[in-house]
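Here's the structure, in structure tokens; my notes come after.
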Amino acid sequence: MEAFAKDFSHGRDRVNADRLRIAVVGAGSRGAGMAETLQASPDWDLAAICDVDSRRAGTVSEKLGGAPWFEAIDELLDSVEVDAVAIATPLRALFGTGMTALRAGKHVLVEQPLADSLERGQEMAAEADARGVVLMANKAQCFEPAVQKMQKLVGSGSLGDILFVEAVRTESNLARTDRDVFWDLAPDSLALLDYVFAGRLNPQGVSALGGDPLGTGRDCVGHVIFRLPNDATVHLHVNNLSRVKSHQLVIAGSQLVLVWDATLPQEQLAIFDSDSSTQQRRRSPYWTEPGALQVPGEDGQVPAFGQEARDRVAAEFARRVRGHQRAPSTNTSGLRVLGMLEAVSRSRGLEGQASSIHVPGPEDYQQQAAGSWLESVLWSR
Ligand SMILES: NC(=O)c1ccc[n+]([C@@H]2O[C@H](COP(=O)([O-])OP(=O)(O)OC[C@H]3O[C@@H](n4cnc5c(N)ncnc54)[C@H](O)[C@@H]3O)[C@@H](O)[C@H]2O)c1
């Protein structure tokens with residue numbers, strides 16, 4: 001800690017009283033991005049940074065205006081007054097850092113997944129409930145207009161019967177040291193699916209197979225099949241050895257087919273008629289909705305992909321904290337993602353044998369959206 005000059009000039013008296021104070025724990029790629037978003041947010045003051053790797057903490061602090069930095073969360077909480085903590089540590093440290101913050105009465109925003117097991121996620125959710133604080137799992141993609149449109153179309157029944165779903169999430173990171181490809185990349189797709197189906201995906205069972213062709217000790221490539229009640233399937237492909245970054249979803253219904261691609265900022269969502277004889281591409285009212293497209297601003301710059309959604313996560317977290325309301329992405333979506341991930345791991349351990357899934361129900365979805373700015377986006381027709 002010698003490198004850290006104990007300058008707490010980010011104290012409450014020096015900041016806009018309307019802003020909430022937040023610390024970011026874990027200053028890796030994700031934490032640095034979170035810190036930048038929160039720093040730029042009109043709702044938050046970035047009050048401190050924490051990373052066991054002091055170099056990383058110091059670098060992020062320096063880049064973002066010199067917030068005090070720490071190597072341990074306990075030290076941070078003893079030294080700086082904050083309302084909330086945003087956590088982007090590796091999987092193994094999520095529970096420890098999350099529970100430390102919750103027990104100190106802080107609101108907590110966690111990168112997906114919420115924890116490294118369903119039981120630990122449930123323990124965190126129970127702690128948050130007991131303390132009356134917000135626990136929210138980040139899933140910025142659900143704040144994208146195209147994703148919200150998909151949820152609306154699925155919820156309205158416009159797709160007809162669901163025939164199949166294909167999801168792809170790939171990266172070129174090579175192998176992670178602390179998690180296999182299922183726990184690394186599947187949370188993004190599972191959170192997306194859970195959101196689009198508003199918690200009603202209701203998979204009956206899962207089969208998972210993986211491969212570790214480089215001998216890293218963990219699966220780097222994985223295939224997951226979820227079986228839905230009407231014998232439709234969801235196929236999820238996750239791959240850390242790909243040379244391309246991708247995040248795609250195809251939802252095929254008997255009436256409409258939705259094709260979503262996160263890497264196409266100008267046209268994330270395409271909507272097709274299912275009747276293959278017409279090859280008809282729909283020009284839906286979606287395209288005329290304000291904010292549906294990433295259009296250049298007055299300065300001619302197109303906003304960085306996903307940045308708007310990340311800003312909305314920061315705003316929504318602040319709104320929930322101010323109202324001390326349960327967060328839409330945790331109770332119970334974050335827990336459902338953990339339940340699905342655990343079932344995937346069980347099946348993988350059994351070389352792809354089907355494993356049953358036990359996840360909390362979708363009952364919170366409507367309740368969570370009610371009264372929020374999401375309400376008009378999600379539930380209006
Ligand atoms: N990078 C992504 O694209 C991505 C996407 C979705 C979710 N996530 C999740 O976000 C989290 C972080 O991902 P990342 O890619 O930034 O990882 P990373 O390894 O780059 O960074 C994690 C940082 O946490 C620090 N750390 C470890 N234990 C700590 C502790 N106890 N206290 C404080 N700091 C600690 C590490 O030193 C490291 O700097 C992971 O849980 C991951 O699953 C990442």
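What follows is calculated from the coordinates using simple rules that are stated; it is not laboratory data. Since the model is a prediction, treat every value here as computed from it, not as a measurement. Note that each Cβ is placed from the backbone with ideal geometry, even for glycine, and that neighbours are counted across all protein chains shown.
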If the cut-off is 21 Å between C-alpha atoms, which lysines fall inside it for Lys139, apart from same-chain ones fewer than 8 positions away?
-> Lys106, Lys149, Lys152, Lys245
At 7 Å along the Cα-to-beta-carbon direction for both Ser79 and His358, put a label point, then send me their distance in nm to one decimal.
-> 4.3
Residues with amide H under 5 Å of Phe164's amide H, sequence separation 5 or more or different chain, H placed in the peptide plane at 1.01 Å from N; which?
-> Ala252
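More than 27 Å apart: what percent of Cα pairs in segment 12-140 qualify? Please list the in-between numbers first.
Values: 834 of 8256 pairs.
Of the Cα pairs, 10 percent sit more than 27 Å apart.
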In nm, the gap between the two label points placed 7 Å beyond Cα toward Cβ at Ser172 and Asp53 is 2.1
Would you mind calculating the gained length between Leu264 and Arg131 on full extension (0.36 nm times residue separation, minus the Cα-Cα distance), in nm to one decimal?
-> 43.8 nm
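Using only the alpha carbon atoms of segment 74-213, find the Kirkwood hydrodynamic radius as the inverse mean reciprocal pair distance, in angstroms to one decimal.
One decimal place: 17.2 Å for the Kirkwood radius.
Counting other C-beta atoms within 10 Å, which of Arg243, Arg227 has the fewest, and how do the rest follow?
Arg243, Arg227
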Would you kindly give the portion of the calculated P(r) for segment 106-187 that falls above 16 Å, as a percent of all Cα pairs?
-> 68
